[in-house]
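Asks: Attaching a single structure in structure tokens format; questions to follow.
The values are calculated or read from the model by the stated rules, or taken from the named source; none is laboratory data. What you see is a predicted model; the values in this text were computed from it and never measured. We place every Cβ from the backbone using ideal geometry, glycine too, and count neighbours over all the protein chains shown. The protein model used for the area step is the full one, side chains on, heavy atoms only, and it has no ligands, DNA or RNA in it. Shrake-Rupley method; radii C 1.70, N 1.55, O 1.52, S 1.80 Å.
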Amino acid sequence: MDARNLIGGEWTETTNRTAVQNPAEWNHVVGTIPLSEAQDVDRALRAAQSARRAWKALGAVARGNILSQAANLLEAHLDELGLLAAQEMGKPIGEARGEAARAVAILRYYGGEGLRSVGEVIPATNPSTLQYTTREPLGVVGIITPWNFPLAIPMWKTAPALVYGNTVVLKPAELASLTAYRMWELIASLFPAGVVNLVLGLGSVAGEALIQHPLIQGVSFTGSTGVGQHIAETAVSRGVKYQLEMGGKNPVIVADDADLDLAVELTVSGAMRSAGQKCTATSRVIVMEGIRHEFTDRLVNRIQALQQGDPSQPETYLGPLVSQAQYDKVMSLIDRGRTEGGRVLTGGTPVGGPLARGYFVPPTVFDGVAAGATIAQEEIFGPVVALIPVKTVDEAIEVANDVRYGLSASVFTRNLKTAMACVEGIEAGLVRVNEETAGVELQAPFGGLKASSSHSREQGRAAIEFYTHTKTVAIRPS
Ligand code: NAD
């Protein structure tokens, strides 16, 4: 597959391209993507600017209808999109197909959003004046997305941007652009030219040109905290609205009275699905002394039974990491965990055999990790969990909060008082009781606290807050 840019309704070529390798098998080239330059980004933004007025004038109902049609079209291609994502970025095919279905559900949700009410009527001092609020689109929005959800994240930003009347230039991650390209290739013809534009290439070139461009009126970004901070500084200096979703260091707390079957299953799923490459992945397991040994034994047994292998095979639970850089980073954090006193209970060494031709890291469990150790503080983004023992619920909450991130957290308990104490005390945008840290529903607000987010929320109705301005209107009959 040779992906192209979509600019002003045309699929366009660029001068330079780069190959995309399958992370499970380096010799397999999945396709090529353009390396767009600043002039490609400029053309895309001008196209979005030209399409802006007519798209707004179309009205929310008609815009929503187009999104609903896009959902129907995409739904016929779930298997194809799932396989492509598995080959391009290593997500096991079952999960990847589920993500394609999520993109469809997001389109349906925001298709319906075109029919829902907007604004409120507010009493005016003069009783004959009609005073109300309405919502106006920002205009041209830049959307910059990471590789770990190549279908869902571009869609959960683009669909609300569009239904609320914005036009879009999307710059997906270079490690997952083929999947994003194919998704838009399937549905782009439903939209008027210039309403959705796709520019593929490096963050440092195409992404940078996007955030620096004078036509941009809003930037929505998901990715690493470092790049997010740079985007925030650029946006602030230019008076552009911005929204950031970034890293996490998500804890589960396993209380003495937890349902251990549930706690083990959902800790494994939260930590190991997508090989731990989710912003909401479970990374720290804060376990109370009373059940520590039994929980640890069961966790390790369950993890040792996971099937690791080719992500395009349906029985695979755990695929490779996305890239050499990600592999090197995770393996060096595992080494650091050892030198800082953590004990490896399973995993921790490079895998051999046919898997050595891909970026496979074995699922790894550390025990006895100090709360301040690097692997208990830094985002790993790999299949690695650190067990941190505690004696009380208060101590568990204190450890849960003792990181710079605050995205998602779970507690496993049968005791309502413990559950409520965690819901109250944990500093995170998402707190889940007897649920895994990952897996938030599309109709509910999503976002974090502290260094995880710029504190705005995505998904569901919350998206209207970023993608629109409030306009207050007063009409006095004369
Ligand atoms: P990244 O920050 O390296 O890249 C994200 C996007 O930003 C890519 O499209 C990249 O090309 C672009 N980019 C890079 N430099 C840029 C620049 N100077 N200007 C403009 N754009 C630029 O992140 P990644 O490695 O793709 O994704 C992994 C990170 O994403 C992890 O930290 C993870 O926690 C985070 N993430 C967060 C969420 C969330 O919702 N909180 C969801 C998924 C991933």
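Asks: For the chain, what is the calculated [θ] at 222 nm in deg cm²/dmol (nearest 500), taking -39500 (n - 2.57) for each run of four or more DSSP H residues and dividing by its residue count?
Replies: Values: 15 runs with 182 residues, N = 478.
Roughly -12000 deg cm²/dmol at 222 nm, from the helical runs in the chain.
Asks: Quick one: what are the phi-derived ³J(HN,Hα) couplings along the range 61-72, Karplus 6.51/-1.76/1.60 with θ = phi - 60°, whole Hz, x for glycine and proline?
Replies: Going residue by residue, I get 5, 5, 5, x, 4, 5, 4, 5, 5, 4, 4, 5 Hz, with x marking Gly and Pro.
Asks: Scan the range 78-141 for GluC sites (Glu not before Pro) in coil per DSSP, keeping those whose Cβ has at most 16 other Cβ atoms within 10 Å, and list them by number.
Replies: Details: sites: 80, 88, 95, 99, 113, 120; in loops: 120.
Passing both the DSSP loop test and the Cβ count: 120.
Asks: Okay, next question. Let's test this: bin the Cα-Cα distances of the range 250-441 at 5 Å from zero up to the farthest pair and state each bin's percent.
Replies: Reading upward from the zero bin: 1, 9, 18, 22, 21, 15, 8, 4, 1, 0.
Asks: Shifting gears a bit: State, to one decimal in nm, how far the label point of residue 461 lies from the label point of residue 136, with both points 7 Å from Cα in the Cβ direction.
Replies: 2.4
Asks: Same structure again: What's the longest piece of the chain with no exposed trypsin sites (Lys or Arg not before Pro), counting a site as exposed if DSSP puts it in a loop and it has at most 14 other beta carbons within 10 Å?
Replies: Free of exposed loop sites, the longest segment is 117-390.
Asks: Still on this model: Only Lys, Arg, Asp and Glu count, each charged at its Cβ (+1, +1, -1, -1), so figure out the dipole size of the chain about its Cα centre, rounded to 20 debye. Don't skip to the answer; put the middle values down first.
Replies: Numbers: 41 positive and 48 negative charges, 303 e Å.
Value, rounded to 20: 1460 debye.
Asks: While we're here: What are the radius of gyration and Dmax of the chain, computed over its Cα atoms and given in Å?
Replies: In Å, with Rg to one decimal and Dmax whole: 23.1, 83.
Asks: Give me the one-decimal nm value for the distance between modelled label points at residue 475 and residue 343, 7 Å along each residue's Cα-to-Cβ direction.
Replies: Computed distance between label sites residue 475 and residue 343 equals 7.3 nm.
Asks: What figure in square angstrom, to the nearest 10, would you give for the accessible area of residue 327 with a 1.4 Å probe?
Replies: Using a 1.4 Å probe on the heavy atoms, I get roughly 40 Å².
Asks: List the pairs from 278/391; 171/471; 157/241 whose alpha-carbon separation is above 20 Å, in the order I gave them. Please report the intermediate quantities before stating the final value.
Replies: Working: 278/391 29 Å; 171/471 29 Å; 157/241 14 Å.
Beyond 20 Å: 278/391; 171/471.
Asks: Have a look at 290, 405, 381 and report the one farthest towards the positive end of the charge dipole of the range 250-441, computed about the Cα centre with Cβ charges (Lys/Arg +1, Asp/Glu -1).
Replies: Farthest towards the positive end: 381.
Asks: I'd like the accessible area for residue 204, computed on protein heavy atoms only with a 1.4 Å probe and all protein chains in place. Round to 10 Å², please.
Replies: Spelled out: residue 204, probe radius 1.4 Å, area about 90 Å².
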